[in-house]
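The values are calculated or read from the model by the stated rules, or taken from the named source; none is laboratory data. Remember, it's a predicted structure, so these values are computed and weren't measured experimentally. Glycine also receives a Cβ, built like all others from the backbone with ideal geometry; neighbour counts cover every protein chain displayed. SASA here: full protein model, heavy atoms, side chains in, ligands and nucleic acids out. Shrake-Rupley method; radii C 1.70, N 1.55, O 1.52, S 1.80 Å.
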Amino acid sequence: MTLAEMLDKLERGRIGHTEAMDWLGVDSYNALVEIVHVNGRQMPGHRATLLAPETCELLRQITKPMTQ
């Protein structure tokens, strides 16, 4: 199984945290969470953090394309 396949199974709840940690060779839940998030995935049962409107506006300003 590839990393992408394992993360997909974990994200969909088809395998548990312990099995994923064994497959990855990590011994801490924090390491598992970091690997999942770095790969653009979400842990089962976790929700994305809601951002305040002010934060969203700041991000829009920072990432706005520069005009010439």
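Dipole orientation for the chain: of the candidates H37, C56, T2, C56 has the Cα lying most toward the positive pole (charges on Cβ; Lys, Arg +1; Asp, Glu -1). Using the Cβ atoms and a cut-off under 12 Å, what net charge is assigned to the surroundings of R12, where Lys and Arg are +1 and Asp and Glu are -1? With Lys, Arg at +1 and Asp, Glu at -1, the neighbours total 0.
Taking R0 as 30 Å, what's the FRET efficiency between I62 and D8 from their Cβ-Cβ distance, rounded to 0.05? Spell out each step's value before the answer.
Working: r = 32 Å, r/R0 = 1.05.
FRET efficiency, I62 to D8: 0.40.
Expressed as a whole percent, the accessible surface of the chain that belongs to carbon and sulfur atoms is 53, based on a 1.4 Å probe.
Run the numbers on the chain and let me know its relative contact order in percent, using alpha-carbon pairs under 8 Å that are six or more apart. Kindly include the intermediate steps, with their values, before the conclusion.
Numbers: 28 pairs, mean separation 17.2, N = 68.
It rounds to 25 percent for the chain.
Calculated FRET efficiency, D27 to R47, Cβ-Cβ distance, R0 = 30 Å: about 0.70 to the nearest 0.05.
In terms of the Cα gyration tensor, with a ≥ b ≥ c the square roots of its eigenvalues, is segment 1-48 rounded because a/c is under 1.5, prolate because a/b exceeds b/c, or oblate? Could the numbers behind the result be given before it?
Numbers: a/c = 1.36, a/b = 1.12, b/c = 1.21.
Rounded is the answer for segment 1-48, as its axis ratio a/c remains below 1.5.
Over the chain, DSSP H runs of length four or greater, each weighted -39,500 (n - 2.57), average out per residue to a 222 nm ellipticity of -16500 deg cm²/dmol.
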